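Engineer: Sharing a structure below in structure tokens format, with a few things to ask.
The values are calculated or read from the model by the stated rules, or taken from the named source; none is laboratory data. Worth saying up front: this structure is predicted, and the values here are computed from it rather than measured. Cβ: placed from backbone, ideal geometry, glycine included. Neighbour counts: every protein chain shown.
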Amino acid sequence: MFLTLAIVVTLLMLAYTLFVRPKDIPETAAPPPYQHLEGRKAAIYENLRDLQFEYRVGKLSDADYDRTKKELQAELATVLAEIDTMKGAPAPPPKPARQTPNVCPHCSAKFEKPLKFCGECGKPMGVTA
Ligand SMILES: [Zn+2]
């Protein structure tokens, strides 16, 4: 009986693995790039709190407390700066190298003004500025 059960469970698991394709699994929304930094920030704050607590209860010497606190604060400053950089200045998507807008990419006809469609061959100029 147990063996039958074990076989059934194994088969079910196998079937599950075989039939669940990667595209069926909902993709989690991409986290903001600084999310892991927020996690690190929280961890550092927690460490600082722990440190202060341990210092207060006398587990740490002044020197140990000072050194660890400075290390944590330096790390915190780094993380905060990184978050600021990511939040404050989102990198603009790089612009593709633009073809000179008044030259047809198809027939190389030149025009005085940028055009959507080539006046010579009628094909799109590729630049819609
Ligand atoms: Zn043309």
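Engineer: If I filter the range 83-105 for residues that are closer than 22 Å to HIS36 by Cβ, surrounded by 13 or more Cβ atoms within 10 Å (Cβ to Cβ), modelled with pLDDT of 90 or more and away from the ligand (no atom under 11 Å from the Cβ), do I get at least one hit?
Structural biologist: No - not one qualifying residue is present in the range 83-105.
Engineer: Taking the range 1-58, which residues are at pLDDT below 95, of a type in the set (A, V, I, L, M, F, W, C) and surrounded by 10 or more Cβ atoms within 10 Å (Cβ to Cβ)?
Structural biologist: ALA6, ILE7, VAL8, VAL9, LEU11, LEU12, MET13, LEU14, ALA15, VAL20, LEU37
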